[in-house]
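The values are calculated or read from the model by the stated rules, or taken from the named source; none is laboratory data. Please read all numbers here as calculations on a predicted model, not as lab measurements. Here the Cβ positions follow ideal geometry from the backbone for every residue, glycine too, while neighbour counts run over all protein chains shown. Ligands, DNA and RNA are excluded from the accessible area calculation, which covers all protein heavy atoms including side chains. Shrake-Rupley method; radii C 1.70, N 1.55, O 1.52, S 1.80 Å.
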Amino acid sequence: MASVNEHYLKLSAGYLFPEIARRVQAFLAECPQFSNEIIRCGIGDVTEPLPRAAVEAMKSATEELAHRASFKGYGPGTGYEDVRRTIAEGDFRSRGLSVADDEIFLSDGSKGDCSSIMELFSHSNRIAITDPVYPAYVDGNVMFGNTGGPFDGGGYEGLVYLPCTEANGFLAQIPCAPVDLIYLCSPSNPTGTVIPREQLAAWVAYARKHRAIIFYDAAYEAYIQDPSLPRSIFEIEGARECAVEFRSFSKSGGFTGVRCGYTVLPKSLCAWTDGGQQIPLHPLWTRRWNTRSNGVSYAVQRGAQALYSVDGKRQVAELVSHYLENARLLHEGCVRKGLAAWGGTNAPYVWVRVPAPFDSWAYFEHILREARVVVTPGAGFGRRGEGFIRISAFNSRANVVEVVRRLASVQ
Ligand SMILES: *Cc1c(COP(=O)(O)O)cnc(C)c1O
């Protein structure tokens, strides 16, 4: 008899985005005349086409595969050496941060990395997760059996939730309860908050003192324009002893469909056996990749590498500033309407408090019906997301201008 991994059965049935799609379908079934009017600011997917530099690099990489002399079969499981060098140089060493080429591990996007990293850790770790949070961290840990069952109001037994509320500026505070593994996301999906340098330094100090490890999700680092804000946890002294960083080309290079990201796992990062022996994690993560994967496709790696060329960098900067201007317009539109709104600078999300008497799903429905605009109810990101909605800036300028116009007329 095949027995199932019952941890999967703990997962909340109505995952956020299918539930949003269901509600939009229900509205359109009632009012089909609006089907061409719906504007989606819900899911965090990019809309603008790929940078030309990446397209050309992927085309010529594909052409290489068509000729015997330049054909490539399997590549290294962790990425081509020169691609890892381009990344380590372009994102870290050129900014004065010491990251070696072989500390970069290429993947097909960082969503998977955020949970597969747990393969390196035992089930006994106390895991801290912000609330609200990017749901993939939580669900990945549920699947691994690192949590208990769900509890009423959203959340799982066995996780340590770090509330991110208006009162603390949506910044996770160091918990009183001891924790071993800590997920931080900066700029945050969903709140758009960026962790300032001093707070990040406090987390690093905590992690070093308690031999904890920080999983730092920097998927949106390209959106940080304020030079005083850290773009990488490795800007903090001591982070090489206590942090893994997740990066992605999805939101910077528009790679959500192409699929490429990477982890930075320093050689100095260690965890401990039950017997107290210190084990470096770099060989384990290398082994994990070489066993479980044959790496990212050749053309995609060349496409990602091209984002670091002179043209590529300029094109990424143009994409990012397009979405940042969208975010500014959306934030301004909300404030003009009298709504309390956060994020939208240094981040592509605007986090908006829903006005009384609505809760976040009711306000989602209200905006859908009155403005034909799809947003994301904050409750879908955790208990502390109740009372908020997230508006995504990933859209065309024309759509954003129209969303702002329509929101202004919603009662
Ligand atoms: C989009 C996103 C990612 C990146 O996902 P990919 O798998 O690289 O497309 C990672 N973390 C957060 C919080 C995100 O929103």
Notebook entry, point to check: Percent of alpha carbon pairs in region 1-102 separated by more than 22 Å?
Noted result: 67
Next item on the list: Would you please calculate the Kirkwood hydrodynamic radius of region 341-381 over all C-alpha pairs and express it in Å, rounded to one decimal?
Entry: 10.9
Item checked: Average accessible surface area per residue within the chain, 1.4 Å rolling probe, Å² -> 44
Next item on the list: Would you please name the GluC sites (Glu not before Pro) within region 200-302 that are DSSP coil residues with at most 13 other C-beta atoms within 10 Å of their C-beta?
Entry: Glu237
Margin query: Cross-link candidates for Lys72: which aspartates and glutamates have Cα within less than 13 Å, leaving aside residues fewer than 8 places away along the same chain?
Written below: Glu63, Glu64
Check: Between Ala243 and residues 5 or more places away or on another chain, which pairs have amide H atoms under 5 Å apart, with H built 1.01 Å from N, and which residues are they?
Finding: Ile214
Next item on the list: With a cut-off of at most 14 other beta carbons within 10 Å, and DSSP calling the residue loop, which trypsin sites (Lys or Arg not before Pro) in region 199-243 qualify? Please list them.
Entry: Arg211
Check: Which of the lysines could be linked to Lys209 by a straight reach, that is with a Cα gap under 25 Å, when you skip same-chain ones fewer than 8 residues away?
Finding: Lys267
Check: Residue by residue, what Karplus-based ³J(HN,Hα) values in Hz, rounded to whole numbers, does region 357-365 have, using 6.51, -1.76 and 1.60 with θ = phi - 60° and x for Gly and Pro?
Finding: x, 6, 9, 5, 6, 5, 6, 3, 4
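Ignoring any ligand, DNA or RNA, what whole percent of the accessible area of region 13-78 comes from carbon and sulfur when the probe is 1.4 angstrom?
Carbon and sulfur together cover 57 percent of it.
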Checklist line | Karplus-derived HN-Hα couplings along region 224-229 (A = 6.51, B = -1.76, C = 1.60, θ = phi - 60°), whole Hz, x at Gly and Pro | finding: 6, 9, 6, x, 7, 8
Item checked: Kirkwood Rh, Cα atoms: Rg over Rh of region 316-411 -> 0.96
Notebook entry, point to check: For the peptides 49-57, 168-176, what is the packing order when you average, over each peptide's residues, the other Cβ atoms within 10 Å and list the highest mean first?
Noted result: 49-57, 168-176
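Please report the equivalent ellipsoid semi-axes of the chain, computed as sqrt(5 x eigenvalue) of the Cα gyration tensor, largest first, in whole Å.
Semi-axes from the Cα gyration tensor: 33, 28, 21 Å.
Tell me, what is the percent relative contact order of the chain, built from C-alpha pairs under 8 Å that lie six or more residues apart? Please list the in-between numbers first.
On the way: 778 pairs, mean separation 92.9, N = 411.
It comes to 23 percent, rounded to a whole number.
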Next item on the list: List the lysines whose Cα lies under 24 Å from the Cα of Lys251, skipping any in the same chain that are fewer than 8 positions away.
Entry: Lys59, Lys111, Lys313
Checklist line | region 307-322 - phi-based ³J(HN,Hα) in whole Hz, Karplus 6.51/-1.76/1.60, Gly and Pro as x | finding: 5, 9, 6, 4, 5, x, 4, 5, 5, 5, 4, 5, 4, 4, 6, 4
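Assuming 0.36 nm per residue, please report the length gained on full extension of the stretch Glu198 to Gln411 beyond their Cα-Cα distance. Don't skip to the answer; put the middle values down first.
Values: separation 213, 0.36 × 213 = 76.68 nm, distance 4.07 nm.
Working it through step by step, the gained length comes to 72.6 nm.
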Note to self: Report the Cα centroid-to-centroid distance between region 252-329 and region 90-144 in angstrom, as an integer.
What the structure shows: 10
Checklist line | Net charge contributed by nearby residues that have their C-beta within less than 13 Å of Thr62 (K/R +1, D/E -1) | finding: 0
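Please tell me the relative contact order of region 256-330 in percent, rounded to the nearest whole number, where contacts are Cα pairs under 8 Å and at least six residues apart.
21 percent.
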Next item on the list: Return the percentage of antiparallel bridges among DSSP beta bridges fully within the chain, rounded to the nearest 5 %.
Entry: 55
Next item on the list: Quick one: which residues, 5 or more positions from Thr47 or on another chain, have an amide H under 5 Å from its amide H? H modelled 1.01 Å from N in the peptide plane, none for Pro or chain starts.
Entry: Asn395
Next item on the list: Rank by packing, highest mean first: peptides 351-360, 63-72, 267-276, with packing defined as the count of other Cβ atoms within 10 Å averaged across residues.
Entry: 351-360, 267-276, 63-72
